[in-house]
C-alpha cells in the first residue's frame, strides 16, 4: 500500500480518510481539490492538469484523494498508477448531510452529488476494470468500515 487512490462522492470523507491513512503509513497525502480547482472555482485547463497529474503519479508513494466528477478526464491514469483503490460508496443521505454541515457548495456540486451513483460510479467501475486490475480495490459502503481498514493499514510493514 504505497500508492493509494481514494474516490467517492462529495461529503463521503475522502480527505479525512486520506489524512488518517497518510499519518499511519507515513506517506504523502495529496488532495486533488486543492490543486485542481483554481481560486475562482474554475477547473485547471486540461493540458495543464495532465502535466500536474503526471508529476504527482510519477512519485514513488502517495495517497491521493479527490473525485473530480465530470471534469476528471484523466482518472484512468491515476487508477493505472495506484496499487490500492478505495471507493467510498456511501448513501446519499450521509454525503448530503456532511455537505450541508460543510456549507459551501454550489448547484453544480449538488447535481454531481445527486447523480453520482447513476453517472459517475459506473464510470469509475469501468475504469477500474480497464486500468486497475492489478490493484487491490476496496468498495466501502459505510463509514463503520473505516476503523477496521485503518487498523489493517497500520499493521502493514513500512
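Overview of results
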read-out	value
Residue match in the stretch 51-70 (condition: within 15 Å of residue 149 (Cα to Cα) and in contact with a helix residue (DSSP H, G or I) (Cβ under 8 Å, 6 or more places away or on another chain))	yes
Residue check, residue 5 surrounded by 15 or more Cβ atoms within 10 Å (Cβ to Cβ), in contact with a strand residue (DSSP E or B) (Cβ under 7 Å, 6 or more places away or on another chain) and in contact (Cβ under 8 Å) with a residue 12 or more places away in the chain	yes
Residue 31 being free of Cβ contacts under 8 Å to residues at least 40 places away in the same chain and in contact with a helix residue (DSSP H, G or I) (Cβ under 6 Å, 6 or more places away or on another chain)	yes
Sole residue being outside any loop (DSSP other than H, G, I, E, B), more than 14 Å from the chain's Cα centre (by Cα), touching a residue at least 24 places away in the same chain (Cβ under 8 Å) and exposed (fewer than 15 other Cβ atoms within 10 Å of the Cβ), chosen from 117, 101, 152, 126	117
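Every residue, every condition in (1) over 21 Å from residue 143 (Cα atoms); (2) within 14 Å of the chain's Cα centre (by Cα); (3) at pLDDT below 95, yes or no:
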position	(1), (2), (3)
6	no, yes, no
28	yes, no, no
34	yes, yes, yes
43	yes, no, yes
48	yes, no, yes
55	yes, no, no
66	no, yes, yes
70	yes, yes, yes
74	yes, yes, yes
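The values are calculated or read from the model by the stated rules, or taken from the named source; none is laboratory data. None of the values given here were measured: they were computed from a predicted structure. Counting neighbours? That spans all protein chains shown, and the Cβs are built from the backbone with ideal geometry, glycine included.
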